[in-house]
Amino acid sequence: MVTLLGALAVYLWIVGLQLHRAYAAAVACHPAGSPACQDLVNAFNGMDAFLANGSILQALPVLIGAFVGAPVLARELETGTYRYAWTQGFGRWRWTLGKLVPLAIVVTAATAAFSTLLSWFYQPYFAAGHQALGLSQTSPFNAGLFDLREVAFPAWTLAAFAIGALAGMLIRRVVPAIAATLVVYAGLVFATGIFLREHYLTPLLTTKLTLPGSAWILSQWWTKGGVTLSQSTMQQVMLPVIQRLMPAVPEDQIHLYKLPTILNTERYLTQHGYTYWTSYQPVSRFWPFQWIEGGWLLALSVLLVAATIWLVRRRAT
């Protein structure tokens, strides 16, 4: 774990310095529309694209949980060395507690420090007010990045460690316990991202046509006269309006006018009795969401560790 996080930290620090310099140069360049400034914007947008959405780093918590948490008890139980340990005066539960708790603290502290570096690395992507410059921007609620921040990342790692420890106690073999940890953790992450996270706080509703890029948009729909309209119905309504409002330009320039034309179409429909609703979570709720997720993951981890200790005390050898 130390080798993996250490190597990644060095890499992120080196690339992060270059990323921050490229971002500062692109923001400071004037006039913004000049070819020189556009080159700086393109240089920033093209830097280290495979880390930009954070997906590749999502595997870190479960790898730590599987290869650090799962073998802690499973190796002792598989090889039979626990029989000697349990004959000592400190007993089963103190033996289990001494194995799990210090390691859990180290894992959580190490990943908390690493997540601080991650937040610094992604800071240019979270900056507000630079979409007009063409700079890459993403919401802090981005599914690939939310789990990597200072509260959620160590909480998810601790949960993966606790899942691994319990799997090792139940299965009593290292390799199957690692596989079970990977499967259970993946299911928990999927369920949280798809079904649970968006309901931490009641979403806000608005009829504004545009929202800040940092907002987390949950759903959007059209209504007229209080009746919700289907997507197919709206496509039939919007297509003639878009065709009428789209300016006559060469085909290779159509992409430059698509977004303004769509916005004009939405304004036109709004003026003719249609209402565009958006359900969203504002960026001001980011840290409450982090603490809510970190809180229930901490509670889950404590429960899993307690269950592991109880099983060690009660389960027959």
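Annotation for residue 10 and residue 220: the two label points, set 7 Å from Cα along the Cα-Cβ direction, are 4.5 nm apart. Taking the Cα centroid of segment 51-130 and of segment 146-183, what is the distance between the two, rounded to the nearest whole Å? Distance between centres, Cα-based: 8 Å.
On the beta carbon distance between residue 32 and residue 101, with R0 = 45 Å, the FRET formula returns roughly 0.25.
Net length available on complete extension from residue 284 to residue 239 is 12.6 nm, with 0.36 nm assigned per residue and the Cα-Cα distance removed. At full extension, residue 264 and residue 302 could sit 8.4 nm farther apart than now, given 0.36 nm per residue minus the alpha carbon distance. Paramagnetic label reach from residue 1 (point 7 Å along Cα→Cβ; backbone nitrogen cut-off under 16 Å): within segment 110-124, residues 110-116.
In a simple Cβ point-charge model (Lys, Arg +1; Asp, Glu -1; nothing else charged), segment 77-216 has a dipole of about 500 debye relative to its Cα centre. Per-atom-type breakdown for the chain gives carbon and sulfur 65% of the accessible area (1.4 Å probe, protein chains only). Take the Cα of residue 272, step 7 Å toward its Cβ, do the same at residue 179, and the gap between the two points is 6.0 nm.
Summed over qualifying helices (DSSP H, 4 residues or more, each -39500 (n - 2.57)) and divided by its residue number, the chain shows a 222 nm mean residue ellipticity of -20500 deg cm²/dmol. For the chain, take the longest principal axis of its alpha carbons; what is the angle in degrees between that and the long axis of helix 231-245, to the nearest 10 within 0 to 90? With both axes taken from Cα atoms, the answer is about 40 degrees. With all protein chains kept in place, the per residue accessible area of the chain amounts to 52 square angstrom at a probe of 1.4 angstrom. Altogether, the Stokes-Einstein calculation at 20 °C and 1.002 mPa s, with the Kirkwood radius of the chain over Cα pairs as Rh, returns a diffusion coefficient of 93 µm²/s.
In this simple spin-label approximation, residue 311 and residue 206 carry label points 7 Å from Cα along the Cα→Cβ vector, and these lie 4.7 nm apart.
The values are calculated or read from the model by the stated rules, or taken from the named source; none is laboratory data. These figures come from a predicted structure and were not determined experimentally. Because the Cβ atoms are built from the backbone with ideal geometry, glycine has one as well, and the counts that use them run over all protein chains shown. Protein only, heavy atoms only, side chains kept; ligands, DNA and RNA dropped before computing areas. Shrake-Rupley method; radii C 1.70, N 1.55, O 1.52, S 1.80 Å.
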